[in-house]
Amino acid sequence: MAATVRLTRTDDAPTLDDVLADALFDDPINVYLVPDEARRGAALRRGMGHVLRQQYLPNDAAWTTEDLSGVALW
């Protein structure tokens, strides 16, 4: 089954904050920046949420699937 991809809307952002935080949780730079696993998820949600809302959404540079299970940032 093919996934439908569309531009991300502002109301998608809270869910996509979680998607991005989960996807980047074990990224080496994030492990280095926030070594405490108990704090890393929340820090990534805040940080990625900020970047998503300030950089990607205003520039139509974020795409997602209808079920919000993935996000692509340009």
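The values are calculated or read from the model by the stated rules, or taken from the named source; none is laboratory data. This one's a predicted model, so the numbers in the text were calculated from it and none came from an experiment. So basically every Cβ, Gly included, is an ideal-geometry build from the backbone, and we count neighbours across all protein chains shown. In case anyone asks, the SASA skips ligands and DNA or RNA and just uses the protein heavy atoms, side chains included. Shrake-Rupley method; radii C 1.70, N 1.55, O 1.52, S 1.80 Å.
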Subject >> Under the Karplus curve 6.51 cos²θ - 1.76 cosθ + 1.60, θ = phi - 60°, whole-Hz ³J(HN,Hα) for the range 43-49, x wherever Gly or Pro sits >> reply: 5, 5, 4, 5, x, 5, x
Original post:
When the Karplus curve 6.51 cos²θ - 1.76 cosθ + 1.60 is applied with θ = phi - 60°, which whole-Hz ³J(HN,Hα) does each residue of the range 59-71 get, with x for Gly and Pro?
Top reply: 9, 6, 10, 10, 10, 9, 8, 4, 8, 6, 8, x, 8
Subject >> Mean projected area in nm² (Cα convex hull; one quarter of hull surface) for the range 11-54 >> reply: 2.8 nm²
Original post:
What Kirkwood radius, in Å to one decimal, follows from the Cα pairs of the chain?
Top reply: 12.7 Å
Original post:
Which percent of the accessible area of the chain is formed by carbon and sulfur heavy atoms (probe 1.4 angstrom)?
Top reply: 55 percent
Subject >> Loop-located trypsin sites (Lys or Arg not before Pro) in the range 1-47 whose Cβ has at most 12 other Cβ within 10 Å (DSSP) >> reply: Arg9
Original post:
Taking Cα pairs under 8 Å and at least six residues apart, what relative contact order does the chain come out at, in percent?
Top reply: 46 percent
Subject >> Solvent-accessible area of Trp63 with every protein chain in place, 1.4 Å probe, in Å² to the nearest 10 >> reply: 90 Å²
**OP:** Work out the P(r) tail for the range 33-74: percent of alpha carbon pairs separated by more than 13 Å, whole number.
**Re:** 61 percent
